[in-house]
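Trainee: Supplied in structure tokens, the structure appears directly below.
The values are calculated or read from the model by the stated rules, or taken from the named source; none is laboratory data. These numbers were taken from a predicted model, which means no experiment stands behind them. Here the Cβ is made from the backbone with ideal geometry for all residues, glycine too, and neighbour counts use every protein chain on show.
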Amino acid sequence: MVFDAPVSTPTAGLPDPATSRAVLITAQYRLQRGRPKVAAGARDLARLLRDERLWGLPAENCTVLEDPGTAGEVVRAIRSAAGAVGTEGRLLVYFAGHGYQDDHGGLYLGVRDTDPGNFRSSALRFDSIGLPMSEDDVVMLDCSYAGNAGWSAVSGRGVILGATDADRRVATFSDGSHHTAFTDALIDVLRLGVVNGADYLDAPTIHEAIRAKLVNRPVPQPVCHVMGDGGLRPVVRNANSCSGTTAPRSPISPPS
């Protein structure tokens, strides 16, 4: 289902960082080099996920894949990470780049060598990754047509946060920022937290906080697909919780 959800109450406890994996992918496709770079978003997100005040993911468990040349590189990185996730862990996948939509609504993720005129043979079809997602797994897609991913997910489990709904083409960049509007808001939510919120932030709460930041701006609105019974497992600690029991002791600095 699609969440336009109020702030929820996550189930207790973060996934085990030691047995979790994150793969953060940014793709600059070859034929449109003039677009702003998206690599900064993945690096800044990785820094937050590794911060012990938020999750504490070990550096070796967090892969940043910048500008992969082929769809195969992306598939291998994701499947390798998925195979290393333990029973108490989580797989988190983030993709920032260009998305394409075929005539049937299928989502394709562009890579460096993707030809926009022939993307079906040179981009990565999202539902061909073959991820056996668990209910705790989270996919974040900062690309055009990200809303289509929920309907093409093979496993029917996990959570997908997307930068745009199925009808919107373009994920936009924020003025004066190195990030797209979606990633900029995502980083702000993780870094600053949700005021007077629960001790932990789950995916629907993060989605609602991102939406609140973007709703009055002329940018695509984010979507959240929660499949199966997942969605309430925390993603990170809330940096601004009402109890203060899990809040960081010192402010988390903004991206440089």
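Trainee: Name the single residue that is modelled with the lowest pLDDT among those in the range 136-169 being in contact with an Asp or Glu (Cβ under 6 Å, 6 or more places away or on another chain), under 27 Å from Gly86 (Cβ atoms) and crowded, with 18+ Cβ neighbours inside 10 Å.
Mentor: Here the residue is Arg157.
Trainee: For the list (1) out of contact with any strand residue (DSSP E or B) (no Cβ under 6 Å at 6 or more places or on another chain); (2) crowded, with 24+ Cβ neighbours inside 10 Å; (3) at pLDDT below 75; (4) of a type outside the set (Lys, Arg), I need the number of the one condition that Gly244 fails.
Mentor: Result: Gly244 passes all but (2).
Trainee: Given (1) part of a helix (DSSP H, G or I); (2) of a type in the set (Gly, Ala, Ser); (3) out of contact with any Phe, Trp or Tyr (no Cβ under 9 Å at 6 or more places or on another chain); (4) at pLDDT below 95, identify the lone condition not met by Gly34.
Mentor: With (1) part of a helix (DSSP H, G or I); (2) of a type in the set (Gly, Ala, Ser); (3) out of contact with any Phe, Trp or Tyr (no Cβ under 9 Å at 6 or more places or on another chain); (4) at pLDDT below 95 applied to Gly34, the lone miss is (1).
Trainee: Every residue in the range 59-85 that is buried (at least 18 other Cβ atoms within 10 Å of the Cβ), touching a residue at least 60 places away in the same chain (Cβ under 8 Å) and over 16 Å from Met140 (Cα atoms), please.
Mentor: Hit for the range 59-85 is Val85, nothing else.
Trainee: Would you point out the residue of the range 185-223, among those that are part of a strand (DSSP E or B) and modelled with pLDDT under 90, that is farthest from Leu91 (Cα to Cα)?
Mentor: Gly197
Trainee: Could you say which residue among Gly105, Gly56 is at pLDDT 95 or above, surrounded by fewer than 18 Cβ atoms within 10 Å (Cβ to Cβ) and on the phi > 0 side of the Ramachandran plot?
Mentor: Unique residue meeting the criteria: Gly56.
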